């Protein structure tokens, strides 16, 4: 039996629209069932199911009334159609009944599908897969580093957006600009930080790491290897003063004193990376006591100082890489040797690794080939006996170096350890010493101290078998490993030597 519909539906525009809508709908259902049943899918399939095909479906549906309107208008102009101000619905007319039933049932199905689809689209655009894989080449560094971070099970949106509709909308509007930059290939390499409109850490980080629950102290063991023939191991054990000596005292002292709820620390910076800090203000919220510290080596005239942003210090001012930490070569090669992925028994492997990783490559493939060639040639030209008799060790070292390189350095996006300041510590970047440099003083000469023991004390240090140990409740004075540096470190900043390519 032929389905009878109003005469106005009989046009090519409406027919094409209905065809597009039906095909899109069945494709959405088919792909959704496939992804659900067989657990098959990826970032791009999600975009097709929840964003691309629904958009095409809506366009198809809009073409149906558009075609009807165009046909009615043409008929009016030609005099074939009757002049009517509004459409007339007559249920005694089978065409009208059929059209109404199709419209009603179709609208119900469409609204139900739209509700489910909208929820799924929202859920999908909040997923780690969407954040990390959609713009694969652009976000690859962030995604890889995130997967190897302590926050690998925390969704991207938990930190970058947080709860609430207002921040969700801000992030999506910002995302439109970023999508355009990717499509137009106008994005920066590397992506600049810090992110200017990042939500305050008190509304994101502190949902899990709230100040009142910080641990008092933490024992930390660091293992380094020197650039000598034997890749000599150098260990140092530190007690990190995260909080007070007793947890009951809370944040009265220690590293996390900076975010004590009873204290407000504000600062001004003169550069985009927030590395140059000429002015710091301390406010005790309980007593009302205020101190203003200015760096005598970074003099800024009062007028310019007033124009600078006054930033309230929070977690992200120190923890600049909580989930996207591109480790320096000296660090990740040390770890690879410790894990056995780079053989320690291979003579001068630490030196050879640092030498090749310090080079800049244009692509990942070029880097992999460069690492392989350099390590092979290093032993072939300098130590032919090792090259001929230890091929397996050399091959293992090459793979270990390549694997670590791929986790931390991304040539295509120009991302590596020195692209983003890491303000935890004070080796490759100024970090703590941005303020704790003995140069920030009040008008009464009260200083922000550079004393290392404010943040940590050394319990043990040295090479295995020749370790120095501190007695209980005492600590050691730092001894620089090797013989090249003795006491010079006391008058220097670590960053003057440590570039990320040092032991």
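Tell me, yes or no, whether segment 165-174 has at least one residue that is modelled with pLDDT under 85 and either in a loop (DSSP other than H, G, I, E, B) or buried (at least 17 other Cβ atoms within 10 Å of the Cβ) (or both). Please lay out each step first, then the result.
Step one: of segment 165-174, the residues modelled with pLDDT under 85 are 165-174.
Imposing the further condition that a residue be either in a loop (DSSP other than H, G, I, E, B) or buried (at least 17 other Cβ atoms within 10 Å of the Cβ) (or both) reduces the set to 167, 171.
Yes; the residues of segment 165-174 include at least one that is modelled with pLDDT under 85 and either in a loop (DSSP other than H, G, I, E, B) or buried (at least 17 other Cβ atoms within 10 Å of the Cβ) (or both).
Could you list all residues from segment 321-344 that are in a loop (DSSP other than H, G, I, E, B) and out of contact with any helix residue (DSSP H, G or I) (no Cβ under 7 Å at 6 or more places or on another chain)?
321, 322, 340
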Worksheet item: Taking the condition under 30 Å from residue 156 (Cα atoms), buried (at least 17 other Cβ atoms within 10 Å of the Cβ), at pLDDT below 95 and touching a helix residue (DSSP H, G or I) at 6+ places or on another chain (Cβ under 7 Å), does residue 354 pass?
Response: no
Considering segment 232-281, residues that are within 28 Å of the chain's Cα centre (by Cα), touching a residue at least 24 places away in the same chain (Cβ under 8 Å) and assigned to a helix (DSSP H, G or I), and then whichever is surrounded by the most Cβ atoms within 10 Å (Cβ to Cβ), we arrive at 259
Problem set entry | residue 160 being in contact with a helix residue (DSSP H, G or I) (Cβ under 9 Å, 6 or more places away or on another chain) and under 22 Å from residue 129 (Cα atoms) | yes
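Mind listing whichever residues of segment 441-468 are outside any loop (DSSP other than H, G, I, E, B) and either exposed (fewer than 12 other Cβ atoms within 10 Å of the Cβ) or more than 37 Å from the chain's Cα centre (by Cα) (or both)? Steps first, answer last, please.
Narrowing segment 441-468 to residues outside any loop (DSSP other than H, G, I, E, B): 441, 447, 452-454, 456-462, 468.
Of everything in segment 441-468, just one residue is outside any loop (DSSP other than H, G, I, E, B) and either exposed (fewer than 12 other Cβ atoms within 10 Å of the Cβ) or more than 37 Å from the chain's Cα centre (by Cα) (or both), namely 468.
How many residues, within segment 362-388, are more than 31 Å from the chain's Cα centre (by Cα), part of a helix (DSSP H, G or I) and surrounded by 12 or more Cβ atoms within 10 Å (Cβ to Cβ)? Step through it out loud before you land on a result.
Restricting attention to segment 362-388, the residues satisfying the condition of being more than 31 Å from the chain's Cα centre (by Cα) are 373-388.
Then drop every residue that is not part of a helix (DSSP H, G or I), which leaves 373-382, 384-388.
Next cut, surrounded by 12 or more Cβ atoms within 10 Å (Cβ to Cβ) only: 373-380, 382, 386-387.
Of the residues in segment 362-388, 11 are more than 31 Å from the chain's Cα centre (by Cα), part of a helix (DSSP H, G or I) and surrounded by 12 or more Cβ atoms within 10 Å (Cβ to Cβ).
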(1) part of a loop (DSSP other than H, G, I, E, B); (2) touching a helix residue (DSSP H, G or I) at 6+ places or on another chain (Cβ under 9 Å); (3) touching a residue at least 60 places away in the same chain (Cβ under 8 Å) all hold for residue 481 apart from (2)
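Here is a yes/no grid of residues against (1) closer than 28 Å to residue 415 by Cα; (2) out of contact with any strand residue (DSSP E or B) (no Cβ under 9 Å at 6 or more places or on another chain); (3) at pLDDT below 70; (4) outside any helix (DSSP H, G or I):
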{"site": "88", "(1), (2), (3), (4)": "no, yes, yes, yes"}
{"site": "112", "(1), (2), (3), (4)": "no, yes, no, no"}
{"site": "116", "(1), (2), (3), (4)": "no, yes, yes, no"}
{"site": "130", "(1), (2), (3), (4)": "yes, yes, no, no"}
{"site": "139", "(1), (2), (3), (4)": "yes, yes, no, no"}
{"site": "146", "(1), (2), (3), (4)": "yes, yes, no, no"}
{"site": "163", "(1), (2), (3), (4)": "no, yes, no, yes"}
{"site": "176", "(1), (2), (3), (4)": "yes, yes, no, no"}
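For (1) in contact with a helix residue (DSSP H, G or I) (Cβ under 9 Å, 6 or more places away or on another chain); (2) outside the structural domain of residue 339 (by TED's automatic domain parsing); (3) closer than 30 Å to residue 352 by Cα, each residue gets a yes or a no:
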{"position": "192", "(1), (2), (3)": "no, yes, no"}
{"position": "204", "(1), (2), (3)": "yes, yes, no"}
{"position": "230", "(1), (2), (3)": "no, yes, yes"}
{"position": "235", "(1), (2), (3)": "no, yes, yes"}
{"position": "244", "(1), (2), (3)": "yes, yes, no"}
{"position": "250", "(1), (2), (3)": "yes, yes, no"}
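The values are calculated or read from the model by the stated rules, or taken from the named source; none is laboratory data. Keep in mind it's a predicted model, so treat the numbers as computed, not measured. Virtual Cβ from ideal backbone geometry, glycine too; neighbours counted across all protein chains shown.
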